[in-house]
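Before any comments, here is the structure.
The values are calculated or read from the model by the stated rules, or taken from the named source; none is laboratory data. Computed from a predicted model, the values in this text were never measured in an experiment. Methodologically, a virtual Cβ is constructed for each residue, glycine included, from the backbone with ideal geometry; neighbour enumeration extends over all protein chains shown. In case anyone asks, the SASA skips ligands and DNA or RNA and just uses the protein heavy atoms, side chains included. Shrake-Rupley method; radii C 1.70, N 1.55, O 1.52, S 1.80 Å.
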Amino acid sequence: MHGPRQLKVVDIKARQVTLRWEPFGYNVTRCHNYSLTVQYRARGGGKEESREVASYDSRSSAPQHTIHNLTPFTNLSVRMVLRNREGVKESPEIHVQTDED
């Protein structure tokens with residue numbers, strides 16, 4: 001088992017960011033039921049906020065997620081976390097900045 005691979009930003013707007021990653025096969029997750037969450041920290045305007053959101057339905061064919069309700073011109077640190085009965089694996093953290101409004 002390994003964490004999400006090839007995590008990349010595919011769309012950046014002022015109030016949302018869309019992420020995409022390499023799809024998982026059974027050989028990666030070693031089970032049919034797993035959870036995938038997005039953890040991110042937003043820093044901008046003098047404040048910092050951390051969130052974790054459930055992001056992906058394993059039955060869906062599109063390995064992507066859009067983070068909504070962001071503030072414009074904010075720095076984000078994002079990572080994906082894969083959890084199943086064998087344990088927890090994280091992707092490398094990526095950094096991105098939302099556009100100006």
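State all residues of the range 52-90 that are modelled with pLDDT of 90 or more and part of a loop (DSSP other than H, G, I, E, B); if no residue qualifies, say none.
Listed by number, the residues that qualify are His68, Asn69, Leu70, Thr71, Pro72, Phe73, Thr74.
If a residue has to be part of a strand (DSSP E or B), at pLDDT 90 or above and among the aliphatic types (A, V, I, L, M) to count, how many in the range 9-37 make the cut?
5
Keeping to the range 68-96, report how many residues are within 13 Å of His2 (Cα to Cα), open to solvent by 40 Å² or more (accessible area, probe 1.4 Å), touching a Leu at 6+ places or on another chain (Cβ under 9 Å) and touching a residue at least 40 places away in the same chain (Cβ under 8 Å).
Of the residues in the range 68-96, 4 are within 13 Å of His2 (Cα to Cα), open to solvent by 40 Å² or more (accessible area, probe 1.4 Å), touching a Leu at 6+ places or on another chain (Cβ under 9 Å) and touching a residue at least 40 places away in the same chain (Cβ under 8 Å).
Which residues, counting only those in the range 38-47, are at pLDDT 85 or above and either loosely packed, with under 12 Cβ neighbours inside 10 Å or in a loop (DSSP other than H, G, I, E, B) (or both)?
Scanning the range 38-47 gives no hits.
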